[in-house]
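Enquirer: Sharing a structure, written as structure tokens. Questions coming.
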Amino acid sequence: MPSWEIHEKYAKLMGIPIEIAKEIDKLIDNSGIHDFYDIFLERSSKPRDPMTIQHINYLKSLGIRRLFGINKIRVRSYNFKSSLFITSPFYEKLKTYGEDGLKAFFLHIFRFNWEKRKRKNVEILEIGADTYHFARYFWEIESFIKSNYELILGDIWEDIKRRRDRKTLKEIRRLRHQLKR
């Protein structure tokens, strides 16, 4: 998952107050199971959106995969089960944060899938909803991601490099410590 700095940067760019974004992230992380929201997502059998496919092909033509060391960019399509979400205890807590809270929640779902570190895969989610009320959040976030995709990939790549550098430094320190014994 991308670092909290990336979470906060894109919440801010979407106009979501950082305090609300942080509270929603805490709420999600304290729910017991990090990917608990998967129960609200049902894999869709519908064909992928032609505009998304066109956008991915454009990014590939720019050499984005090679530039950022990404093995695969793929699209996952889901239907959001609004009726199940609305009746959940989580929704009751989330409502207290208003529109910004809902945006932060749905942005979190998209953000979590930006980076699949182990395989260097990036997923673009297409999420449709059975009611307009939630669909508009998905459309807004999806549009935001598509218009900032190159910036997002660059930030993810920098984040990966920072973590790798930190891990390497930790390993060097550990080895030095062992050699001193």
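The values are calculated or read from the model by the stated rules, or taken from the named source; none is laboratory data. Everything numeric here is computed off the predicted structure, so don't read it as measured data. Glycine gets a Cβ as well: all are built from the backbone with ideal geometry, and neighbour counts include every protein chain shown.
Enquirer: Of all residues in the stretch 147-162, which are of a type in the set (Gly, Ala, Ser) and surrounded by 12 or more Cβ atoms within 10 Å (Cβ to Cβ)?
Expert: Result: GLY154, single match.
Enquirer: Taking ILE24 as the residue in question, decide whether it is within 18 Å of PHE134 (Cα to Cα), hydrophobic (A, V, I, L, M, F, W, C), assigned to a helix (DSSP H, G or I) and at pLDDT 85 or above.
Expert: Yes; evaluated as a whole, the condition is true for this residue.
Residues are listed down the side, and each one gets a yes or a no for (1) crowded, with 17+ Cβ neighbours inside 10 Å; (2) at pLDDT below 80; (3) among the small types (Gly, Ala, Ser):
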| site | (1), (2), (3) |
| --- | --- |
| ARG74 | no, yes, no |
| SER77 | yes, yes, yes |
| PHE106 | yes, no, no |
| ARG111 | yes, yes, no |
| LEU125 | yes, yes, no |
| HIS133 | no, yes, no |
| ARG164 | no, yes, no |
| LYS170 | no, yes, no |
| LEU179 | no, yes, no |
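Enquirer: If you don't mind, another one. Does the stretch 53-67 contain at least one residue that is at pLDDT below 70 and not in a helix (DSSP H, G or I)?
Expert: The answer is no, given that none of the residues of the stretch 53-67 is at pLDDT below 70 and not in a helix (DSSP H, G or I).
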